[in-house]
Amino acid sequence: MVMEGSGSCLFLVFMISKQWLDALGSATGRSFRFPSPRVPISSAMRRSCWRVLDLIISADKSRPAIDDEVERLLEAAIAASTTGSAESPASSVGVMLDHRLRSAIAHMREHVSEITTIDEIAAKVGLSRAHFFALFRDQLNTTPQVFWSGVRVEEAMRRVAEGGALTEVAMDLGFSAPGNFSRFFKEHTGVSPSIFKRAARDPSPVTVTGVPREQQL
């Protein structure tokens with residue numbers, strides 16, 4: 001989120017544990033599954049977010065009340081995800097991509113720990129810089145640099161969630177210092193790697209880029 005001026009910002013960030021989500025589903029007899037990794041911010045979601053924030057910052061509100069509102073927020077998010085999936089289903093993203101784009105994504109993921117340039121990746125798949133950028137723009141609505149950052153964030157989240165030492169993860173991903181890695185991680189996820197590591201109990205299945213790993217080829 002980017003805001004103009006010098007006013008303050010308030011961020012609402014959720015890190016949802018699979019065990020917690022499964023337990024909630026078992027307790028309520030409902031399915032909490034996101035059909036798409038893309039969750040458009042609907043008006044219902046926006047209202048629910050404000051209600052959750054109001055409850056969190058109100059000292060006199062009970063934990064059950066917050067939990068109930070969080071459950072409603074999840075329902076709104078899943079509904080928005082279902083609507084969004086009809087427009088761009090995640091299960092078909094990999095199939096629709098140009099084969100050179102799929103090869104480029106595979107190369108990024110296989111060499112995520114190496115220092116490389118966008119021009120080098122484009123050359124690997126036989127594309128000019130201009131054509132490479134055009135493919136990313138037309139098929140993924142982003143730039144190669146933004147996607148490359150997403151690949152690195154995905155890998156960082158996976159390794160941190162699996163319990164990797166933060167210094168080792170930073171070095172493996174090509175950062176010159178752990179502090180640089182921490183800043184990169186927090187800028188892209190909203191939390192520090194140490195907080196993410198404490199919160200994550202299972203390997204992270206998240207796809208930041210929107211292209212599932214198993215469907216890139």
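Just the ratio, please: alpha-carbon radius of gyration of region 133-205 over 2.2 N^0.38 Å, N its number of residues. Walk me through the numbers before you get to the answer.
Values: Rg = 13.2 Å, N = 73, 2.2 N^0.38 = 11.2 Å.
Normalised Rg, Cα atoms only: 1.18.
I'd like the accessible area for M157: 1.4 Å probe, protein heavy atoms, all chains in place, Å² to the nearest 10.
Near enough 20 Å² of accessible area.
Can you give the accessible area of F184, probe radius 1.4 Å, in Å² rounded to 10?
30 Å²
The values are calculated or read from the model by the stated rules, or taken from the named source; none is laboratory data. Bear in mind that the values here come from a model prediction, so they are computed numbers and not experimental data. We work out accessible area using only protein heavy atoms, side chains counted, and drop any ligands, DNA or RNA first. Shrake-Rupley method; radii C 1.70, N 1.55, O 1.52, S 1.80 Å.
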